[in-house]
């Protein structure tokens, strides 16, 4: 590979402000970071033993340290990076990491937030970057269980709440069905759904935590949300592929979503497949044949070392550049947003640069393709108006 | 990678006439091509929105434009390519695209033809390239539904028709089971088959279109055809992996074909796995352990940009070069035959060149391996006599 | 890729004595090898047609010939290699192949041995390399069928025998469940297990061969062995991914093993996933999120040509270097041990070298990572004391 080609592409996008179509709230600063906290931010593992003993030996974390150290101007070691970031002013540190490369707007799934997270309004003020909401479907649907007498009422209330959220300014809906059920979608059996709902309703009445799980409940909500998104003309974000071990990776191939692509009910619906790895070749196929299929690689890029770069090249086999989206899927610490943003541009520059070097694309086409991925495709499918993006 | 090694391999095969073991009829010329028609020829999408808005941004189409422009001597843009090809004489244009690289014989699945397609005899005269027929199993079996009283009669008639077709000069049988059923082959339940056949028979009696679909009908026909091919000593071509969205990609892994490889009933049967991507690593495994398994990458090469080159390298991990076949899977427009043929040689040259550069193969062995893939393996498994190949 | 970086890494490990955590007994020498025997040692095929007609055209075998010829100082052809090895003194020939690169200890699955195999004690004397036993679960459990009256007794006897074996000095347990059942683990139905055991017991009583197969028997034994390994604090080796065609590759993804990783019953159990290809990306994911998951690529490396090198790079995407193990999975002929050992180091040097060249790892970190993979990780999970390793 010709490194100059990739460098030239990176330079051409230097002032290109990206749309991060899928991320989470930042932690309210100031705060100090420990080694375990930083490591935990670069792994999908939930068991602390991974952060304690293994993350340090992963290519993703090492690449992250290298990129952060370069910006902070310190040694590329965990200790040096932590020392430097913890003694710096939190706001200045964050701004430095969020400004370069620049982001125009963040589409934020706030369903994963905690009391120490920024609200969207706070985050917009604190970062100077426009913020738009993505509604997390399951969180919303769980809150409505106790107000409904049967699945029909519950699903109607969920759809009404989605409409309300979009009218209030949210620009899309996200489902984490992959964490709660199989993505091998099946028609919902009414009887099973009724029984599952009754059990959930009982928990709600008793004040117990309500957690949507299992195929009948999750698929029912997903199918309804898909219809509502189609009618509201907003994208449905759908986590597939790898994630934390709450999900069974074997059940999360995007190929299982076929009913959403071929059933005329959903005609016109835009679906953004999130993560996708190691099913990115399959996701790219869906993007190549179904008008409504879009995809991103999100955490594959900052978590998988050079494998994220390979995934990008493999994706650009079947997936048109008009169907690929940029996303950091970052949360809490500015380090993650920065590493995701930097590596995405590098991965894109290498993948498109390879196409230039191999005489598949002209340099101009490669520059334009990068702009599609970094911002234009997202602006198009989320119908982002100039006012949406600061 | 050392580009010189690949170039030397390409040069060594310059006069090697390929056996295209799997393609379709050309459209009868003269005809003019629109941008949408050309784009539609380089995608598996059926929805026109892909050709209208996305194919232009796919690496496969861009690579195709580059290759075609080089031969036509024009700018590598869609407009220039179309202008040049549409004002040229159709026959001269076609000959130019079909002659370089040269093809010795085309094995043609005519089941996909339309009134505007050449017959095989016409195509042989028009192109100067020998043509041999591949029988499309499902088309043949569908036509025999109305003449049979039960599944047994129908399957017997199908086998008789296959025998007749082979005796008449066809050299193999192709199944598109992947478009009609799952490739996770299961023993056929006689009762289910009987019911499915009765329903199909009723449609035939009423003059309604008869379309073979579902596991019981499709697997029954496939198992019978496999036995017949084994007895007739001709290969069975089996589409697996990606294709147009009529198929569910999740159901098309070649690993589901295991019964055909381990059941002694089929001992000696040669199966050519077509397409395979993204299951080419799995297909290569089958080729490595089962004597009767062969494979091609067909449309992976012209449709998937540099990913087709990667698929070729990955395939040559487990798949011996004596098991890989060349196929264009092209139809209608000479541009597709040309791009498929050119890129296959390039992909092969790079994959084998990498093995030379890494001291795995000698140059001579790599040249010989290319000849196996381009022609010798197909000549062997289809028992092509010198008279078959003009 | 910068070849110098890889070469420097290889040189740094020159005197690093590896732990081969998963291999088989050598054939008692002296013996002469035929071409078919050597070819059969570099393929998973069982049908002799592969060795007769295809293995010669596989990248894996060609790479093996090149490596062996280099050491023997002869032409890299099959004939020259066989001539040279067959006229040399068997012991000297074997020592030459086993000494370079050096091995500290072999963990040997003797369940695959034959009368012509060395015992472990003989092998230790003959090779000068320390040998430790890995117990093959299914072989052991089969031998205990006839002494038990019901599944409960049989499973208890199996666990007792495992305890005894470990107390006697074995350092781990290996399951070949993938050859006998699906790896999509399911809770065992007691009734089905009872019936399956009765049938097996009847065979044992009649003196017929007892072969453990089917999900209920194999999963029951696997779950019990997993519990026993956890209590004995020894790793459970679990063959997944490709192998000989007795297994159905579609059923051997490591993702099916999820119950072993999430059920608290097995908390603390260390599982070494063997082979993994083409599911190595999935295996790497398991290693990244579950504390007890470890993996090797074993036969992927000597059998899959340059694809083995790619699998190594892809594995080091999500898999920390503290979770990857070296294994030859070699048996019978010293040529296989040598080729596996050499290519593993090369593949590791290239994958880690790429990380150095791309500024992800420092050279020192890459050297240290190689040591983890070659020996340290295995020493840690098998609790190998200095006395275990000669």
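The values are calculated or read from the model by the stated rules, or taken from the named source; none is laboratory data. Treat the numbers as computed from the prediction; the structure is a model and nothing was measured. Neighbour counts are summed over all protein chains in view; Cβ atoms, including those assigned to glycine, are modelled from backbone coordinates with ideal geometry.
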Task: Evaluation of residue C:135 against (1) within 29 Å of residue C:11 (Cβ to Cβ); (2) without any contact (Cβ under 8 Å) to a residue 40 or more places away in the chain; (3) assigned to a strand (DSSP E or B) (one fails), failing number - done: (1)
Open item on the list: Kindly evaluate residue C:185 against the criterion of being away from chain A (no Cβ under 14 Å), within 30 Å of residue B:251 (Cα to Cα) and not in a strand (DSSP E or B).
Closed with: no
Open item on the list: Among the listed residues C:217, C:162, C:193, identify the single one that is modelled with pLDDT of 95 or more and over 22 Å from residue C:256 (Cα atoms).
Closed with: C:162
Task: segment C:67-80, residues that are under 14 Å from residue B:362 (Cβ atoms) and buried (at least 17 other Cβ atoms within 10 Å of the Cβ) - done: C:69, C:76, C:78
Task: Unmet requirement for residue A:33, which otherwise passes all of (1) away from chain C (no Cβ under 13 Å); (2) touching a helix residue (DSSP H, G or I) at 6+ places or on another chain (Cβ under 8 Å); (3) free of Cβ contacts under 8 Å to residues at least 12 places away in the same chain - done: (3)
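Taking segment A:203-215, which residues are more than 25 Å from the chain's Cα centre (by Cα) and surrounded by 12 or more Cβ atoms within 10 Å (Cβ to Cβ)?
Step one: list which residues in segment A:203-215 are more than 25 Å from the chain's Cα centre (by Cα), which gives A:203-209.
Correct list: A:203, A:204.
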TODO: For residue C:365, state whether it is in a loop (DSSP other than H, G, I, E, B) and either more than 10 Å from chain A (Cβ to nearest Cβ) or farther than 30 Å from residue C:45 by Cα (or both).
DONE: no
TODO: For residue C:320, indicate whether it is within 27 Å of residue C:45 (Cα to Cα) and either surrounded by 24 or more Cβ atoms within 10 Å (Cβ to Cβ) or at pLDDT below 95 (or both).
DONE: no
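When only residues in segment A:81-109 that are touching a strand residue (DSSP E or B) at 6+ places or on another chain (Cβ under 8 Å) and crowded, with 20+ Cβ neighbours inside 10 Å count, which is farthest from residue A:385 (Cα to Cα)?
Within segment A:81-109, the first condition is being touching a strand residue (DSSP E or B) at 6+ places or on another chain (Cβ under 8 Å), and the residues that meet it are A:94, A:101-109.
Those left that are additionally crowded, with 20+ Cβ neighbours inside 10 Å: A:94, A:103, A:105-109.
Details: A:94: 27, A:103: 16, A:105: 11, A:106: 14, A:107: 13, A:108: 17, A:109: 19 Å.
Selected residue: A:94.
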Task: In segment A:9-30, the residues that are in contact with a helix residue (DSSP H, G or I) (Cβ under 7 Å, 6 or more places away or on another chain) and surrounded by fewer than 20 Cβ atoms within 10 Å (Cβ to Cβ) - done: A:10, A:12, A:16, A:17, A:29, A:30
- [ ] Report whether or not residue C:320 is touching a residue at least 24 places away in the same chain (Cβ under 8 Å) and within 7 Å of another protein chain (Cβ to nearest Cβ).
- [x] yes
Open item on the list: Any residue that is more than 30 Å from residue A:213 (Cα to Cα), free of Cβ contacts under 8 Å to residues at least 60 places away in the same chain and buried (at least 19 other Cβ atoms within 10 Å of the Cβ) - is there at least one of those in segment A:112-124?
Closed with: no
- [ ] Go through (1) assigned to a helix (DSSP H, G or I); (2) within 14 Å of another protein chain (Cβ to nearest Cβ) one by one and return the number of the condition residue B:199 breaks.
- [x] (2)
- [ ] Examine segment A:143-156 for a residue that is closer than 30 Å to residue A:105 by Cβ and either assigned to a helix (DSSP H, G or I) or at pLDDT below 95 (or both), and state whether such a residue exists.
- [x] yes
- [ ] Give, as residue ranges, the helices (runs of 4 or more DSSP H) completely inside segment C:221-304 that count at least 3 residues that are over 16 Å from the mean Cα position of the chain (by Cα).
- [x] C:258-262, C:280-289
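Which helices (runs of 4 or more DSSP H) does segment B:37-116 wholly contain that include 2 or more residues that are within 14 Å of another protein chain (Cβ to nearest Cβ)?
Where helices (runs of 4 or more DSSP H) fall fully within segment B:37-116 and carry at least 2 residues being within 14 Å of another protein chain (Cβ to nearest Cβ), they are B:48-53, B:59-72, B:78-87.
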Task: Answer residue from segment C:144-179, given it is closer than 19 Å to residue C:208 by Cα and free of Cβ contacts under 8 Å to residues at least 60 places away in the same chain and is surrounded by the fewest Cβ atoms within 10 Å (Cβ to Cβ) among those - done: C:149
Open item on the list: Which residue is nearest to residue C:21 (Cα to Cα), if the candidates are limited to segment C:245-304 and must be facing chain A (nearest Cβ under 9 Å) and touching a residue at least 40 places away in the same chain (Cβ under 8 Å)?
Closed with: C:253
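Filter segment C:323-361 for residues that are touching a residue at least 40 places away in the same chain (Cβ under 8 Å) and at positive phi; which is farthest from the other protein chains (Cβ to nearest Cβ)?
Just the residues of segment C:323-361 that are touching a residue at least 40 places away in the same chain (Cβ under 8 Å), to begin with: C:323-354, C:356-357.
This time we only want the ones that are at positive phi, so: C:329, C:332.
Details: C:329: 15, C:332: 19 Å.
Going through the qualifying residues, I end up with C:332.
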